[in-house]
Amino acid sequence: GADLHRANLDGANLEGSSLRKANLDGANLEGTNLEGTNLEGTNLEGANLTDANLAGFDLWGDNLIGAKLLNTNLANAILTGATMPDGTIHD
């Protein structure tokens, strides 16, 4: 439940951390290592996730409205119930 609203975490190593239900609204996570990070229920609205690795992540219920996902690795990510950058809810 941490409030990291607009935090600059560019290139940070957050491997294995828990950001469950955190507020990352507008945060810069460009190139951040998120391997093994718990992002369940996280607010990623407007976050910059360019070049971030979210492969295999459970993003169920996460808010990704307006998030920048350029070159973001979402291979095998669970997106069910996530609100996508365009506002649609993923099936």
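The values are calculated or read from the model by the stated rules, or taken from the named source; none is laboratory data. Bear in mind that the values here come from a model prediction, so they are computed numbers and not experimental data. Don't worry about glycine lacking a Cβ; one is built from the backbone with ideal geometry, like all the others, and counts go over all protein chains shown. To get the accessible areas, we keep the full protein, side chains included, count just its heavy atoms, and leave off ligands, DNA and RNA. Shrake-Rupley method; radii C 1.70, N 1.55, O 1.52, S 1.80 Å.
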Test for Asp3: is it open to solvent by less than 40 Å² (accessible area, probe 1.4 Å) and of a type in the set (Asp, Glu):
no
Do we find a residue being assigned to a loop (DSSP other than H, G, I, E, B), in contact with a Phe, Trp or Tyr (Cβ under 8 Å, 6 or more places away or on another chain) and buried (at least 17 other Cβ atoms within 10 Å of the Cβ) anywhere in region 53-66?
no
Working only within region 14-38, note down all residues that are outside any loop (DSSP other than H, G, I, E, B) and modelled with pLDDT of 95 or more.
Asn23, Asn28
Filtering region 1-13 down to residues that are part of a loop (DSSP other than H, G, I, E, B) and more than 16 Å from Thr72 (Cα to Cα), which residue is modelled with the lowest pLDDT?
Gly1
Selection status of Gly41, under 23 Å from Thr88 (Cα atoms), open to solvent by 10 Å² or more (accessible area, probe 1.4 Å) and part of a loop (DSSP other than H, G, I, E, B):
yes
Do we find that Leu24 is on the phi < 0 side of the Ramachandran plot and crowded, with 20+ Cβ neighbours inside 10 Å in this structure?
yes
